[in-house]
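Undergrad: I am attaching a structure below and will ask some questions about it afterwards.
The values are calculated or read from the model by the stated rules, or taken from the named source; none is laboratory data. Keep in mind it's a predicted model, so treat the numbers as computed, not measured. We place every Cβ from the backbone using ideal geometry, glycine too, and count neighbours over all the protein chains shown.
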Amino acid sequence: MVMKNFWVIVVLFSVISCSGGDKSDSFEKIIPLENHNWQRFNNLDFEVPVKRGDMLDFYLLLKYNNKFNNKRLPVNITFYTPGGEIRSRNYSFWIKDKRTGAPLGTTENNVTSLTLNIRKEMPFITDGICKVSFEKKIPRIDTYGIISVGLKAVKSDIKNEPEKE
């Protein structure tokens, strides 16, 4: 009886593992921040599996509460591609309305969630891991109110131009 249950569990686990769909179409990872505090020199790193010929769109996923007082979130985002390229850029994302200071995104129970565009249609020429690093550029050592930071990568929706006659 025990052996029969063991095989049932093994078969169920195999079916569940294999039925997850094509995982290569998207990547998402969220890093919760201890005490809702993103410390100044605590870079957040992500590893995105990519394939040659992939074209991906990247998004920053942010959750913050009302203890975060800034209207902008300045970060440096660096991509280390498996082909050896390094692409780095400073961003300053508006996360609150410029005039009113009201949170942008969706707010529920004093927690605001935002999806911020980082880069569209980034091509990859080699299979491997694309490392993505987020560095907070707010000069204070402690920045309270940031609950989590995440990265989402999805296949680009490239619209083909109609053929010219």
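Undergrad: Specify which of the listed residues (F41, F68) is at negative phi and in contact with a His (Cβ under 9 Å, 6 or more places away or on another chain). Spell out how you get there, then give the answer.
TA: Values: F41 fails: in contact with a His (Cβ under 9 Å, 6 or more places away or on another chain).
Answer to the selection: F68.
Undergrad: Looking only at segment 91-112, decide whether some residue is among the charged types (D, E, K, R), surrounded by fewer than 16 Cβ atoms within 10 Å (Cβ to Cβ) and within 18 Å of I129 (Cα to Cα).
TA: Step one: of segment 91-112, the residues among the charged types (D, E, K, R) are 96-99, 108.
Narrowing further to those that are surrounded by fewer than 16 Cβ atoms within 10 Å (Cβ to Cβ): 97-99, 108.
Those left that are additionally within 18 Å of I129 (Cα to Cα): none.
Looking for residues that are among the charged types (D, E, K, R), surrounded by fewer than 16 Cβ atoms within 10 Å (Cβ to Cβ) and within 18 Å of I129 (Cα to Cα), one finds none in segment 91-112, hence no.
Undergrad: If you don't mind, there's one more thing I want to ask. Quick one: which of I30, I9 is in a strand (DSSP E or B) and either at pLDDT 50 or above or more than 29 Å from V75 (Cβ to Cβ) (or both)?
TA: Numbers: I9 fails: in a strand (DSSP E or B).
Going through I30, I9 in turn, just one is in a strand (DSSP E or B) and either at pLDDT 50 or above or more than 29 Å from V75 (Cβ to Cβ) (or both): I30.
Undergrad: Could you list all residues from segment 138-154 that are charged (D, E, K, R) and at pLDDT 95 or above?
TA: At the first step, the residues of segment 138-154 found to be charged (D, E, K, R) are 140, 142, 152.
Once the filter is applied, which keeps residues that are charged (D, E, K, R) and at pLDDT 95 or above, segment 138-154 yields only K152.
Let's see how each residue does on (1) farther than 23 Å from I31 by Cβ; (2) of a type in the set (A, V, I, L, M):
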position: S92; (1), (2): no, no
position: G101; (1), (2): yes, no
position: L104; (1), (2): no, yes
position: E108; (1), (2): no, no
position: G145; (1), (2): no, no
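Undergrad: Contact list please: Cβ distance under 8 Å, first residue in segment 26-55 and within 30 Å of P139 (Cβ to Cβ), second residue acidic (D, E) and not in a strand (DSSP E or B), pairs at least six apart or on different chains.
TA: Cβ pairs passing all conditions: N37/D142; Q39/D142; R40/D142.
Undergrad: In segment 24-82, what residues are of a type in the set (S, T, Y) and within 29 Å of T100 (Cα to Cα)?
TA: Pass one, segment 24-82, residues of a type in the set (S, T, Y): 24, 26, 59, 64, 78, 80-81.
Scanning segment 24-82 gives Y59, Y64.
Undergrad: Something else about it: Does R99 satisfy the criteria of being modelled with pLDDT of 95 or more and charged (D, E, K, R)?
TA: Details: modelled with pLDDT of 95 or more: no; charged (D, E, K, R): yes.
So R99 fails the test.
Undergrad: Select from segment 13-25 the residues that are closer than 30 Å to K136 by Cα and out of contact with any Lys or Arg (no Cβ under 6 Å at 6 or more places or on another chain) and write down the one among them that is modelled with the lowest pLDDT. So that I can check it myself, show each step before the final result.
TA: To start, the set of residues in segment 13-25 that are closer than 30 Å to K136 by Cα comprises 23-25.
From what is left, the residues that are out of contact with any Lys or Arg (no Cβ under 6 Å at 6 or more places or on another chain) are 23-24.
On the way: K23: 45, S24: 49.
Among those residues, the one meeting the criterion is K23.
Undergrad: Right, next: Return the residues of segment 55-79 that are under 29 Å from I129 (Cα atoms), of a type in the set (D, E, K, R) and in contact with a Lys or Arg (Cβ under 7 Å, 6 or more places away or on another chain); say none if nothing qualifies. First the steps, then the outcome.
TA: Narrowing segment 55-79 to residues under 29 Å from I129 (Cα atoms): 55-64, 73-79.
Filter again for of a type in the set (D, E, K, R), leaving 57, 63.
Result: D57, single match.
Undergrad: Here's another thing I want to ask about it. If K67 satisfies all but one of (1) loosely packed, with under 12 Cβ neighbours inside 10 Å; (2) charged (D, E, K, R); (3) in contact with a helix residue (DSSP H, G or I) (Cβ under 8 Å, 6 or more places away or on another chain), what's the number of the condition it fails?
TA: So K67 meets the others, but not (1).
Undergrad: Quick check on segment 42-50. Is at least one of its residues more than 11 Å from A153 (Cα to Cα), modelled with pLDDT under 95 and surrounded by 13 or more Cβ atoms within 10 Å (Cβ to Cβ)? Before the answer, list the steps.
TA: Pass one, segment 42-50, residues more than 11 Å from A153 (Cα to Cα): 42-45.
If we keep only those that are modelled with pLDDT under 95 too, we end up with 42.
From what is left, the residues that are surrounded by 13 or more Cβ atoms within 10 Å (Cβ to Cβ) are 42.
Yes, there is a match, as at least one residue in segment 42-50 is more than 11 Å from A153 (Cα to Cα), modelled with pLDDT under 95 and surrounded by 13 or more Cβ atoms within 10 Å (Cβ to Cβ).
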